[in-house]
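The following block contains the structure, expressed as structure tokens.
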Amino acid sequence: MTYQNIANDPSMVYFGEVLEDDSKYASFLSLEVDTDDYCYVKAMELKINEAGQLSDFYFTEGYYDVYYCLDYDVTTLRRHGPSSYGGGGTTLETKDFVYGSLSAYPEEIPYKIENNFVKEISFSETNLSFN
């Protein structure tokens, strides 16, 4: 949902690169300047290590001082955080992941694994209403 929200925004700016250590970096940023003082921002920054695992994730949505938005750099936004005077915002930051190791399950699974996947979705009503 978060990614979809940003990806469908026509003003979204994307930057990505493969770093020297074979890790990958990507940032997505969308902003609307509301006044001379602040702008509304949706941004996401992520890093994927050389093993293909997520190693750093940052998401923010809210009002920022317009000065921090001018360079379209998510790292700058990450350093300063949303401004409360423009309406506040939400931020999620995750880093320093602890990874387990993948190993084969040594015993026979007591049920058919195929029975645990959604194969069909249907509705019995032709008219759905929400209150």
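The values are calculated or read from the model by the stated rules, or taken from the named source; none is laboratory data. Treat the numbers as computed from the prediction; the structure is a model and nothing was measured. Positions of Cβ are backbone-derived with ideal geometry, glycine not excepted, and every protein chain shown enters the neighbour counts. Surface accessibility is based on the protein's heavy atoms, side chains included, excluding ligands, DNA and RNA. Shrake-Rupley method; radii C 1.70, N 1.55, O 1.52, S 1.80 Å.
Might you tell me the accessible area per residue for the chain, computed with a 1.4 Å probe and given in Å²?
Details: 10020 Å² over 131 residues.
Accessible area per residue: 76 Å².
What is segment 1-118 by shape, rounded, prolate or oblate, if you read a ≥ b ≥ c off the alpha carbon gyration tensor as root eigenvalues and call it rounded for a/c under 1.5, prolate for a/b larger than b/c, and oblate otherwise?
Prolate.
Taking θ as phi - 60°, what are the ³J(HN,Hα) couplings along segment 54-68 by the Karplus curve (6.51, -1.76, 1.60), each to the nearest whole Hz, with x for Gly and Pro?
Karplus-based 3J(HN,Hα) across segment 54-68 equals 5, 10, 7, 9, 9, 9, 9, 8, x, 9, 10, 4, 4, 4, 7 Hz.
So, one more: Given points 7 Å out from each Cα along the Cα-Cβ axis, report the Lys112 to Glu93 separation in nanometres with one decimal.
Result for the modelled spin labels: 4.9 nm.
Which GluC sites (Glu not before Pro) in segment 1-107 sit in a loop by DSSP (not H, G, I, E or B) and have at most 16 other Cβ atoms within 10 Å of their own Cβ?
Glu20, Glu50, Glu107
Now a separate question. Work out the FRET efficiency for Met12 and Leu54 from their Cβ-Cβ distance, taking R0 = 22 Å, and round it to the nearest 0.05.
After rounding to 0.05, the efficiency reads 0.60.
At Ser122 and Lys24, where each label point lies 7 Å from the Cα along Cα→Cβ, what is the point-to-point distance in nanometres?
With each label placed 7 Å out from Cα toward Cβ, I get 3.8 nm.
Would you list which lysines come within 26 Å of Lys95, measuring only between C-alpha atoms, while excluding same-chain residues fewer than 8 positions from it?
Straight-line reach from Lys95, under 26 Å: Lys24, Lys42, Lys47.
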